[in-house]
């Protein structure tokens, strides 16, 4: 019996570009030229189109595309409804909260999200890890460690949600409703752009440090349960 061909690996860069970067750029930059409704439809087309493409290629639902759609719907929907200030702060906190809940839920499945994130067969010798775990009889203990690491990862998103809300409350101030709609759109776009810029520094840097700590915790568990060092586990090429 021939071995079933494995589905193509998910492309992290394309995920980021089509599901996050392009929709944000469209909502931020094109709204004043083509109007908020058209910008919303165009922004939705990218995560929706990529999600369908990825479903056809990999036979799996792309979670990032689903979250990208929700993010665009929240942002564009609030702009269309003319809601500003506090509601955009709620939206900024909602996105990492949804991701965190998704990650937390995966901790109670057979494959916690941390395995998908870090235990990539193209980077790590996953087959060697599984072999050593079986030899040591530590599969259950290692799975519990993966569950714990995934819970820690979900807490990093909770941290991002809190930081997002605090930062957004300082940036998304209420816009004068007496201003013309075009002027309101310009101010809102400037606020979104400012939020995007500051969030990279204020939120991304602590999140990266959090991820490094989780990776250290993960590798410590691999050393403890499988007896493998980082150098032994990571592929050379």
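Where a number appears in this text, it was derived from the coordinates with a stated rule and is not lab data. All values derive from a computational prediction rather than experimental measurement. FYI the Cβ positions are ideal-geometry reconstructions off the backbone, even for glycines, and counts take in every protein chain you see.
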Given points 7 Å out from each Cα along the Cα-Cβ axis, report the residue 159 to residue 181 separation in nanometres with one decimal.
4.3
Burial ranking of peptide ranges 103-114, 38-49 (average Cβ count within 10 Å, highest at the top):
38-49, 103-114
How long is the gain from residue 130 to residue 147 if the chain were fully straight, where each residue apart is worth 0.36 nm and the alpha carbon distance is subtracted?
4.5 nm
In degrees, nearest 10, range 0 to 90: what is the angle between the Cα axis of helix 126-136 and the longest Cα principal axis of the chain?
50
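Restricting to Cα pairs below 8 Å that are 6+ residues apart, what does the relative contact order work out to for the chain? Please round to a whole percent. Provide the component values of the computation, followed by the final result.
Details: 249 pairs, mean separation 52.2, N = 237.
Contact order relative to length: 22 percent.
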Most mobile listed residue (178, 75, 150) in the chain, GNM with C-alpha springs under 10 Å:
178
Estimated 222 nm signal from helices in the chain, with DSSP H stretches of n ≥ 4 weighted -39500 (n - 2.57), rounded to 500
-23500 deg cm²/dmol
